[in-house]
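Undergrad: Here it is, the structure, as structure tokens.
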Amino acid sequence: MNSFAFYNLKGGVGKTTSTINLAFLAAKEGLKTLVWDLDPQGAASFYLGVKSVVKNESKKILKDTIDLQSAIQASPYENLSIIPADLSARQADILLNEQKQSKKRIATLIASLRGKYDVVIIDSPPGISLLHDNIFNAVKWILIPNIPTTLSIRSYDTLIQYFKDEELDKQKIRCFFSMVDSRKNLHSDTIHFFFKNTQFFKSYIPYLSEVEKMGVNEAPLETFAKNSYAAQCYRDLWKEIKKCCF
Ligand SMILES: Nc1ncnc2c1ncn2[C@@H]1O[C@H](COP(=O)(O)OP(=O)(O)OP(=O)(O)O)[C@@H](O)[C@H]1O
Ligand SMILES: [Mg+2]
């Protein structure tokens with residue numbers, strides 16, 4: 001079983017959009033894929049049209065009062081399931097802090113899925129906290145969408161330093177540029193600057209209105225704009241991820 005988390009310290013960089021599009025591509029290729037929405041915003045759950053059935057389900061999963069398996073729901077797409085998030089996921093840090101092995105709790109839960117899924121993808125909320133420590137420990141690969149701007153790169157540098165300080169495995173980190181506007185010099189210059197950095201994929205996702213339409217369609221790009229350039233960019237990124245991470 002392979003496992004990924006889309007993560008960035010910074011918000012609004014394309015984590016959820018990437019989670020949904022890449023999970024859909026994995027599932028379409030026949031890989032049994034599970035998205036675990038750990039963001040109280042529940043945007044990944046929204047894109048797949050799935051809601052928690054149990055009240056405060058996210059909280060109950062983290063408190064171990066319900067079984068993780070029972071929270072898994074089918075999405076409208078073959079091979080693609082989801083553990084949806086609700087607002088109670090906002091309490092993740094407090095709940096994890098109350099547990100033994102508080103930094104490894106999500107790793108233990110993910111390990112219980114071994115043999116049942118080929119790919120697990122966590123949609124992470126922005127920030128850096130105990131929840132994120134859990135996510136960093138739980139997955140094999142941390143995929144970081146970065147908008148090629150100064151502040152975004154600063155948050156990447158902060159993360160690399162955090163991994164060093166906390167003695168976390170920075171080999172797990174892979175980055176790609178997202179929401180790229182190549183008319184902007186800053187964007188092209190930043191991409192150029194990172195070109196030789198092997199932690200960065202060569203594929204990137206441009207800023208394109210089709211991507212935003214995922215909100216209106218409540219669906220992955222591939223289902224309503226298969227022939228768009230945006231869908232092609234996600235397919236290219238998926239190809240590169242497969243080459244690197246499988
Ligand atoms: N490549 C893109 N082109 C245009 N719009 C995009 C692109 N990627 C994402 N968006 C839009 O930008 C917004 C933020 O994207 P998304 O929700 O994926 O970011 P996020 O990192 O998950 O945010 P958060 O930190 O709040 O969870 C959404 O409205 C989304 O539709
Ligand atoms: Mg998100």
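The values are calculated or read from the model by the stated rules, or taken from the named source; none is laboratory data. Small disclaimer: the values here were computed from a predicted structure and weren't measured. Don't worry about glycine lacking a Cβ; one is built from the backbone with ideal geometry, like all the others, and counts go over all protein chains shown. Side chains included, ligands, DNA and RNA excluded: accessible areas come from the protein's heavy atoms. Shrake-Rupley method; radii C 1.70, N 1.55, O 1.52, S 1.80 Å.
Undergrad: For segment 47-126, what size does the Cα cloud have along each of its three principal axes, sorted from largest down, in whole Å?
TA: Largest to smallest, the principal-axis extents are 37, 27, 25 Å.
Undergrad: A further question follows. When a/c is below 1.5 the answer is rounded, else prolate if a/b is larger than b/c, else oblate, so apply that to segment 12-57 with a ≥ b ≥ c taken from the square roots of the Cα gyration tensor eigenvalues.
TA: It is oblate, given that a/c is not under 1.5 and a/b is not larger than b/c.
Undergrad: Then there's this: Report the convex hull volume per residue for the chain, counting only C-alpha atoms, in Å³.
TA: In the chain, the Cα hull volume divided by residue count equals 115 Å³.
Undergrad: Tell me the mean residue ellipticity at 222 nm calculated for the chain from its helices only (DSSP H runs of n ≥ 4, each -39500 (n - 2.57), averaged over every residue, nearest 500).
TA: Using -39500 (n - 2.57) per qualifying helix, the result is -12000 deg cm²/dmol.
Undergrad: What list of ³J(HN,Hα) values in whole Hz, one per residue of segment 105-119 in order, does the Karplus curve 6.51 cos²θ - 1.76 cosθ + 1.60 (θ = phi - 60°) give from phi, with Gly and Pro shown as x?
TA: These are the phi-based 3J(HN,Hα) values: 4, 6, 4, 5, 5, 5, 4, 5, 9, 4, x, 9, 10, 8, 9 Hz.
Undergrad: Something else: Tell me the accessible surface of Glu212 in square angstrom (1.4 angstrom probe, heavy atoms of protein chains only), to the nearest ten.
TA: Taking all protein chains as shown, Glu212 has close to 110 Å².
Undergrad: Pairs Lys55/Lys100; Lys15/Lys213; Lys104/Lys242; Lys202/Lys242; Lys15/Lys202: which exceed 19 Å Cα-Cα?
TA: Going by Cα-Cα distance, Lys55/Lys100; Lys104/Lys242 fall outside the 19 Å limit.
Undergrad: Quickly rank 233-239, 112-118 as a protection proxy: mean count of other C-beta atoms within 10 Å, highest first.
TA: The packing order, highest mean first, is 233-239, 112-118.
Undergrad: Would you kindly state how much longer the chain becomes between Ser209 and Gln101 on full extension, computed as 0.36 nm times their sequence separation minus their alpha carbon distance, in nm to one decimal?
TA: Fully extending the segment from Ser209 to Gln101 adds 34.5 nm.
Undergrad: Please say if segment 31-166 is rounded, prolate or oblate, where rounded means a/c under 1.5 for a ≥ b ≥ c the square roots of the C-alpha gyration tensor eigenvalues, and otherwise the choice is prolate for a/b larger than b/c and oblate otherwise?
TA: Prolate, since a/c reaches 1.5 and a/b exceeds b/c.
Undergrad: Can you give the accessible area per residue of the chain, in Å², using a 1.4 Å probe?
TA: Result: 47 Å² per residue.
Undergrad: Restricting to DSSP loop positions (anything but H, G, I, E, B) with no more than 11 other Cβ atoms inside 10 Å of their own Cβ, which trypsin sites (Lys or Arg not before Pro) remain in segment 1-77?
TA: Loop-located and lightly packed - Lys55.
Undergrad: Also, I was wondering about something else. At what distance in angstrom do the alpha carbon centres of segment 32-48 and segment 54-77 lie from each other?
TA: 12 Å
Undergrad: Roughly what % of DSSP beta bridges within the chain run antiparallel, to the nearest 5?
TA: Once the DSSP bridges in the chain are tallied, antiparallel ones form about 5 percent.
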